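Everything below concerns the one structure shown next.
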2 protein chains.
Amino acid sequence: MSEYTLRVIGRVESPLTDRAAAPLQADEGAPGAWLVFDERYAPALEGLSPGTDVLLLTWLDRADRDTLTVHPRGDATRPRAGVFTTRSPDRPNPIGLHEVRILAIAGTRVQVGNLEALDGTPILDVKPLLTPDR
Amino acid sequence: MSEYTLRVIGRVESPLTDRAAAPLQADEGAPGAWLVFDERYAPALEGLSPGTDVLLLTWLDRADRDTLTVHPRGDATRPRAGVFTTRSPDRPNPIGLHEVRILAIAGTRVQVGNLEALDGTPILDVKPLLTPDR
C-alpha cells in the first residue's frame with residue numbers, strides 16, 4: 001500500500017505534559033492552549049478570527065499505532081472494542097480531532113480554549129466547523 | 001520539522017472518478033460508496049454497526065499540498081481566503097473529513113451513504129461522532 005508523509009505545520013503549546021493526567025475529552029477540564037504555526041503557513045491562516053469555533057487536526061505523536069482494540073476509556077472491566085468505535089489516541093493513524101474556540105490571534109500564534117492535546121503535539125490542519133458556503 | 005508517515009488502511013470504492021465533477025459537500029448529491037479495509041484491520045472495525053453515523057478520515061491524494069489560499073468554492077469573483085478557513089481539498093495536509101452513515105457491513109467492506117470522495121481515495125481512520133462514554 002502507498003504511504004504518505006505528513007507536514008508538521010505547527011505545534012501545540014499547552015500546560016498538559018503527561019498523557020496519563022490529560023483529560024480524555026475537551027469538556028473534562030482541558031486547559032487553554034496556543035497553536036504555534038510555522039510562519040510559512042501565515043497565508044493559510046488569513047481570515048481566521050477570534051470568537052470562531054474551528055476543527056483542529058493534530059498528530060497524537062505519543063500514541064501506539066499498533067493497537068487495534070481497546071477497553072473503552074481504559075476501563076478493564078469493559079469489553080474490548082475496535083479502536084474505530086472509540087476516540088482512543090491509540091490507532092493506526094493517530095489523528096486528533098478537536099473542536100476549539102479561537103480566543104486570540106497574534107501573527108502565527110493562535111490562542112484557543114479547552115484543548116486536550118499535550119504540549120508539543122504536532123498540528124496538521126484547521127478546518128471550519130460549518131461550511132454551507134465555502 | 002519532524003515528519004510522520006500515514007498508513008493506508010483501506011480505499012474508497014465509489015462511482016466518482018473525476019474531481020471536477022465531484023460535489024464539494026456530501027449533501028450536494030454525493031453517491032453511496034464502499035469502504036474497503038485491509039483485512040489486517042478487521043479487529044479495529046469490531047463494534048461498528050449499520051445505521052450508525054461515523055466520521056471517516058481520508059487522504060485526498062489528488063490535492064495540491066502547496067496551496068495556501070483559494071477562492072472559496074473555486075469562485076474567482078470571491079476574494080481569496082486562507083485554506084484553513086475553507087474545506088478546499090488543496091491544503092498542506094489534505095485530510096478529508098466526512099460524516100457518513102453506515103448502511104451495511106460485509107467482512108472488512110463497509111457500505112456508506114453519501115460520500116464526496118473519489119474512487120480509490122485512501123482511508124486513514126474512522127471515529128465515532130459523539131463519544132460521551134468512550
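Each value in this text was obtained by applying a stated rule to the coordinates, not by laboratory testing. On a predicted model such as this, the values are computed, not experimentally measured, just so you know. Neighbour counts are summed over all protein chains in view; Cβ atoms, including those assigned to glycine, are modelled from backbone coordinates with ideal geometry.
What the table below lists for this structure:
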{"quantity": "Structure-based [θ]222 nm, chain B - -39500 (n - 2.57) summed over DSSP H runs of at least 4, per residue, nearest 500", "calculated": "-500 deg cm²/dmol"}
{"quantity": "Sequence-separation-based contact order of the range A:1-103, relative, with Cα cut under 8 Å and 6+ spacing, percent", "calculated": "27"}
{"quantity": "Test item: B:4-12 mean partner chain Cβ contacts at 10 Å", "calculated": "6"}
{"quantity": "20 Å cut-off, amide nitrogen to a point 7 angstrom out along A:GLU46 Cα→Cβ, residues in the range B:41-82", "calculated": "B:64-82"}
{"quantity": "The range B:61-79 and the range A:10-70: distance between their alpha carbon centers, rounded to Å", "calculated": "25"}
{"quantity": "B from A by rotation - nearest chain A beta carbon to the axis, in Å", "calculated": "A:THR5, 3"}
{"quantity": "Share of Cα-Cα pairs in chain A lying beyond 20 Å, as whole percent", "calculated": "48"}
{"quantity": "Rg to Rh quotient for the protein assembly as shown, alpha carbon positions, Kirkwood Rh", "calculated": "0.95"}
{"quantity": "Peptide B:58-65, shielding by other chains (average Cβ, 10 Å cutoff)", "calculated": "1"}
{"quantity": "Neighbouring partner chain Cβ atoms per residue of B:75-88, average, 10 Å criterion", "calculated": "6"}
{"quantity": "Max mean-square fluctuation residue, GNM over chain B, Cα-Cα springs under 10 Å, options B:LEU118, B:LEU35, B:LEU48", "calculated": "B:LEU48"}
{"quantity": "For B:PRO23, inter-copy label distances in nm, listed shortest first [label point 7 Å out on the Cα-Cβ vector]", "calculated": "3.6"}
